[in-house]
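The values are calculated or read from the model by the stated rules, or taken from the named source; none is laboratory data. Keep in mind that this is a model prediction, so the values were computed, not measured. Cβ atoms come from the backbone with ideal geometry, glycine included; neighbour counts cover every protein chain shown. Note: areas computed on protein heavy atoms with side chains; ligands, DNA, RNA excluded. Shrake-Rupley method; radii C 1.70, N 1.55, O 1.52, S 1.80 Å.
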Amino acid sequence: ATDESSVVDTLHSQGLFPIEVVVSRFAGSHSAPRASEIAPGLRVLANLLAADIPMSRTLSTFTELAPASWTAAAAAIKGRVRTGGRLADGLRDDARLPVVLVGIIAAGESSGDLAPAVLRSAEIAEESASLKSAVRGALVYPAILLVAGACSVGLLVSVVLPRFAAILADTGQVPPPLTQFVMRATSVIEYNAIPVALFAVIGLFAWQVWATSPQGSVIWNGILLRVPGVGVVRRSAATSRVCTAMAALLDSGVPAAISLGRAATAAADSAIESRLSAARAGITRGESLGLALEESSALTIAAVRLVRAGEESGRVSAMFLHAARIESERAREMTRSAVRLVEPVLILVFGAIVAVIAGALLQAVYAIHPVR
């Protein structure tokens, strides 16, 4: 049951009189499904939910049919729901699904359209997995280039260049200026490597603690939204997720203000969520949905214009869904474009470094004069 009073009422209806009621909390499963099997598992669950069979039987069948990595999470979710818990909470705590997927499923569970919400979450998980796979594939060659370049540079500055410097010293000659500069830079890096690495680890830990706090998360996500390139991608991706949840909620007849509050959790961005809360407050004051979204600057301009057009034509839900597709494709294309730029940037960076070191080596070679 959801609370103690409902436990007492249920037992009284069965002619039982409880002496004591103790609240029990689930610890959650210790094994979350693999990222590659999240979408298949959600598709199985969506198909079972669409069959209109009792929830207990649905979850029992899901435990049997879901991918192997879902076994522990499915059993924990089944126990949670059987005792009055919500499916969305189980998917969040036991399956440890991303907050985006949980937000959409929670919205569907609240509106009564659970199966379509789970199906949409599966589609989003598939799109995310496809994008990650494409990004990993595109980063294979740059990663090989990075490792090979770093090893080559390390070999040149730690072995080859010091040998030439030693030869010059043996002949009583002074290394050329560029050679001295490269060797001094290498010495500085080697001397400060450990302190800098230690400071970086401490700073990263402190930043993570601050960035995960409620206030720090809003500030940090707001900073990211203002970063050129990164902010555009984050806003488009968040807009796509929020619009998807809004379309599902509005189709279920949930009022706009309530829908916006629930859809905000699907943004997976604290700054966007805070702005959507401000937009929700504007709606409760009597503002139109499109105007409130425009004033809050939460979503992209294209999405806001589509929403306002939907209000004029009476097709708000359809416009939200259309905006979700546009912004999702836009975010994917910008991500792919950014990944494609990594390879030439690495080539230019390592080319410049190797050019400097090669110049230092050539100067050292030409500076060697035989001793007579």
Toy charge model, Lys and Arg Cβ at +1, Asp and Glu Cβ at -1: the chain dipole around Cα centroid in debye, rounded to 20, equals 940
Relative to the first principal axis of the alpha-carbon coordinates of the chain, what is the inclination of helix 230-251, with its axis defined by its Cα atoms, in degrees from 0 to 90 and to the nearest 10? 10
With the Cα gyration tensor of the chain in hand, convert its eigenvalues to equivalent ellipsoid semi-axes via √(5λ) and list them largest first in whole Å. 56, 27, 20
Per residue, how many Å² of accessible area does the chain show with a 1.4 Å probe? 56
How much space per residue, in cubic angstrom, does the convex hull of the C-alpha atoms of region 263-336 take up? 87
Find which of Val44, Thr239, Thr284 sits farthest along the positive direction of the dipole of the chain, computed with +1 on the beta-carbon of Lys and Arg, -1 on that of Asp and Glu, about the Cα centre. Thr239
Using a 1.4 Å probe over the heavy atoms of the protein chains, calculate the carbon and sulfur portion of the accessible area of region 69-171 as a whole percent. 64
Ordering Leu321, Leu156 from largest to smallest accessible area (1.4 angstrom probe), what's the sequence? Leu321, Leu156
To the nearest 10 square angstrom, how much accessible area does His12 have with a 1.4 angstrom probe? 90
What does the charge count near Ala74 come to, summing +1 for each Lys or Arg and -1 for each Asp or Glu among other residues with Cβ under 15 Å from its Cβ? +3
Net charge within 13 Å of Glu311 by Cβ-Cβ distance, Lys/Arg positive one each and Asp/Glu negative one each, not counting Glu311 itself? 0
Selected from Ile272, Val201, Pro214, residue furthest toward positive end of dipole (region 201-312; charges at beta carbon): Val201
Taking the Cα centre as origin and putting +1 on Lys and Arg beta-carbons and -1 on Asp and Glu beta-carbons, what dipole magnitude results for region 28-129, to the nearest 20 debye? 280
Of Ser128, Ser240, Ser133, ordered by accessible area with the largest first and a 1.4 Å probe, the sequence is Ser133, Ser128, Ser240
Give me the percent of the accessible area of region 302-372 that comes from carbon and sulfur atoms, probe 1.4 Å, all protein chains in place. 65
So for region 304-343, Kirkwood radius off the Cα pairs, Stokes-Einstein at 10 °C and 1.306 mPa s: how many µm² s⁻¹? 140
Rg(Cα)/(2.2 N^0.38 Å) for region 33-99, N = residue count: 0.98
Please report the relative contact order for the chain, taking Cα pairs under 8 Å with a sequence separation of at least 6, and give it as a percent rounded to a whole number. 18
Let me have the relative contact order for region 1-132, percent, based on Cα pairs under 8 Å that are six or more residues apart. 28
Using mean Cβ contacts within 10 Å as the protection proxy, how do 336-347, 78-89 order, highest first? 78-89, 336-347
When you have a sec, figure out the Kirkwood radius of region 118-167 from all distinct Cα pair distances and drop it here in Å to one decimal? 14.1
Using 0.36 nm times the number of residues separating Arg86 and Val99, minus their current alpha carbon distance, what extension gain do you get? 3.2 nm
When only C-alpha pairs under 8 Å and at least 6 residues apart count, what is the relative contact order of region 99-177, in percent? 15
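Mean residue ellipticity at 222 nm from the helices of the chain, using -39,500 (n - 2.57) per DSSP H segment of n ≥ 4 over the full residue count, to the nearest 500 deg cm²/dmol?
On the way: 16 runs with 284 residues, N = 372.
Helix contribution divided over all residues of the chain: -26000 deg cm²/dmol.
Grab the eigenvalues of the alpha-carbon gyration tensor for region 284-372, scale each by 5, take roots, and send me the semi-axes largest first in whole angstrom.
Details: eigenvalues 746, 37, 7 Å².
Over the Cα atoms of region 284-372, the semi-axes work out to 61, 14, 6 Å.
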